[in-house]
1. Residue by residue, what Karplus-based ³J(HN,Hα) values in Hz, rounded to whole numbers, does the stretch 89-96 have, using 6.51, -1.76 and 1.60 with θ = phi - 60° and x for Gly and Pro?
2. What's the extension gain from residue 102 to residue 46 if we count 0.36 nm per residue and subtract their Cα-Cα distance?
3. Treating cross-link reach as a plain straight distance, find the lysines whose alpha-carbon is under 25 Å from the alpha-carbon of residue 66, omitting any fewer than eight places away in the same chain.
4. Once you order the gyration tensor axes a ≥ b ≥ c over the Cα atoms, which shape class does the stretch 46-116 get: rounded for a/c under 1.5, otherwise prolate or oblate by comparing a/b with b/c?
5. Near residue 32, which lysines are there with a Cα under 21 Å away, not counting those fewer than 8 places off in the same chain?
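A short reminder: the numbers here are calculations on the coordinates, not readings from a lab. All values derive from a computational prediction rather than experimental measurement.
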Amino acid sequence: MMDDLSLNACSLIEPYEDENDTDTYIDNITLKLLMNKQKYQKYREHASSTNQYKNKQYTHDLHTYKCKIINLTNELLNEPLTEISNDVNDAFEEYSKCLIRHFKMEAVQSDDTSDSDTMFDEIKQAPDTLPEKDQAQVDAVNAYFWGNIITKKS
């Protein structure tokens, strides 16, 4: 098993700000309404550069810890009851449930496309004329609504 200290330290590390900021939408609206346009534009330019830095840092961290992430994921897949930390175990459980839903949806979508093709092929092969009994009923209904004789004018 991996070093417990390094794994439990994950919960002590401050998460990326995107995870903590649940009121981003409200904050942006408030800033937009309370700032003049020029200052708000400067703020957005600064915020976008900060977000780019966070994304680069996340990508760098992901690359740095790639092997550890894969090893820990394999360990949790092979032994799902392994206690790592509450954060890691909860996140892995949600991650695996999300992937399972995704794979099930892919299976349903692939089944639906093959069924719809078959359904439309059967419709294309259906005969154009009705049996005599059904045609008589259609004629009776048309006569009731339109009168006895339907004539087409050219």
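1. 5, 5, 5, 5, 4, 5, 4, 5
2. 16.5 nm
3. 54, 56, 97
4. Note, shape of the stretch 46-116 comes out oblate.
5. 42
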